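The values are calculated or read from the model by the stated rules, or taken from the named source; none is laboratory data. Owing to the predicted nature of the structure, the values given are computational and were not obtained by experimental measurement. Backbone-built Cβ (ideal geometry, glycine too); neighbour counts: all protein chains shown. Note: accessible area is taken over every heavy atom of the protein model, side chains too, but ligands, DNA and RNA are not part of it. Shrake-Rupley method; radii C 1.70, N 1.55, O 1.52, S 1.80 Å.
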Amino acid sequence: MEAIKSIDDIRKRVKSLKQDGKTIGFVPTMGALHEGHLSLFRLAQKHADEVIASIYVNPEQFAPDEDFEEYPRELEDDLVKCREEGISAVFAPSDDIMYTGRQFLSIEVDELNKYMDGGSRPGFFEGILLIVNKLFNIIEPDIAVFGQKDIQQFRILQQMVKEFNHDVELVMGPIKRANDGLALSSRNAYLDAEQRKLAPGLYRSLQYVGKQIKDGATNIQLLLEHQKNELEAKGFKIDYLNLFSFNTMAPVKNTEDNNKYILAGAVYLGETRLIDNCIIEK
Ligand code: AMP
């Protein structure tokens, strides 16, 4: 399997699939594919006849001090995995194909990016919306699959699809984890052996607090403070660990019945930033 690099070529490929009456599922990725990505491919295959993946490390979603240069790039290995999974085409464009010169337009996000990753990474979601908007216009998929792992991304994309009238159905794939609970991530490769052993601690904290909330705990802030202290004592640096409304992505102090919440955390082990979350439905 060869990567398709040009917009014209991927459009031709999609057009011919559509002419054959096939529905198109789309899974955008930044590559360095792991079981989490593959699980999204499989989910897309359940919802559509043909699945197209994109592999593109989008410079617009990295701040100058972030890991754009170091981000793992493993295109040849990724293509083997895509072939094994029965992916119909892989779109892997270069930067000058995706960003042709000076950009006069941008997409702004309001409120939904004020907290969580949006709060810690200014410009991150604007960069994501820009690239996903481009990719949706290029591929025009029937469905697109994104992971719960990046839940704020999913929520903001839902809003983009609604407000910009993209004719695509978004499907959320559950978080794939290693046996010890660590959410799979291309960035886990940055962890040394000791950090890797500590890393599932974030998920354990989320699980613990999540269970208490489901069991009716009302002292949520205290529970979270306690978990933050424990994680810090183990060597994590906390970016955030909090309960958020799924709808507004803003922190909440307590839960109410018939509402959806996200218990989410972002932590650093050394330079490596790890994120994870649990959905709580009341
Ligand atoms: P990325 O390559 O990190 O941009 O991720 C591409 C897609 O895979 C996004 O929709 C992510 O939310 C999703 N993803 C990343 N890690 C996981 C995981 N552990 N389980 C399921 N989906 C994931």
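For the stretch 184-234, name all the residues that are in contact with a helix residue (DSSP H, G or I) (Cβ under 8 Å, 6 or more places away or on another chain) and within 30 Å of Glu74 (Cα to Cα).
Selection gives Leu184, Ser185, Asn188, Arg196, Leu198, Ala199, Gly201, Leu202.
Give me the pairs, please: first residue somewhere in the stretch 1-29 and of a type in the set (Lys, Arg), second residue anywhere and assigned to a helix (DSSP H, G or I) and open to solvent by 50 Å² or more (accessible area, probe 1.4 Å), beta-carbon distance under 8 Å, and either six or more positions apart or on two chains.
These pairs meet every condition: Lys5/Ile97.
Just a yes or no: is a residue in the stretch 130-153 in the same structural domain as Ser39 (by TED's automatic domain parsing), of a type in the set (D, E, K, R) and open to solvent by 60 Å² or more (accessible area, probe 1.4 Å)?
Initial filter on the stretch 130-153 (in the same structural domain as Ser39 (by TED's automatic domain parsing)): 130-153.
Pick out the ones that are also of a type in the set (D, E, K, R) and you get 134, 140, 142, 149-150.
Add one more test, that the residue is open to solvent by 60 Å² or more (accessible area, probe 1.4 Å), and what stays is 140, 142.
Looking for residues that are in the same structural domain as Ser39 (by TED's automatic domain parsing), of a type in the set (D, E, K, R) and open to solvent by 60 Å² or more (accessible area, probe 1.4 Å), one finds at least one in the stretch 130-153, hence yes.
Got a sec? Which of Gln207, Gln153 is under 20 Å from Phe236 (Cβ atoms) and of a type in the set (S, T, N, Q)? First the steps, then the outcome.
Values: Gln153 fails: under 20 Å from Phe236 (Cβ atoms).
Answer to the selection: Gln207.
Select from the stretch 22-59 the residues that are part of a loop (DSSP other than H, G, I, E, B), in contact with a Leu (Cβ under 9 Å, 6 or more places away or on another chain) and within 13 Å of the ligand (Cβ to nearest atom) and list them in ascending order.
Correct list: Gly31, His34, Tyr56, Asn58.
State all residues of the stretch 261-282 that are more than 30 Å from Leu191 (Cβ to Cβ) and surrounded by 13 or more Cβ atoms within 10 Å (Cβ to Cβ); if no residue qualifies, say none. Before you say what the answer is, go through the steps one by one.
Filtering the stretch 261-282 for residues more than 30 Å from Leu191 (Cβ to Cβ) gives 281-282.
None; the set is empty.
Is there a residue being open to solvent by less than 60 Å² (accessible area, probe 1.4 Å), in a helix (DSSP H, G or I), within 16 Å of the ligand (Cβ to nearest atom) and hydrophobic (A, V, I, L, M, F, W, C) anywhere in the stretch 223-236?
Here is the first cut: in the stretch 223-236, the residues open to solvent by less than 60 Å² (accessible area, probe 1.4 Å) are 223-224, 227-228, 231, 235-236.
Now drop any that are not in a helix (DSSP H, G or I), which leaves 223-224, 227-228, 231.
Subset that is within 16 Å of the ligand (Cβ to nearest atom): none.
There is no residue in the stretch 223-236 that is open to solvent by less than 60 Å² (accessible area, probe 1.4 Å), in a helix (DSSP H, G or I), within 16 Å of the ligand (Cβ to nearest atom) and hydrophobic (A, V, I, L, M, F, W, C).
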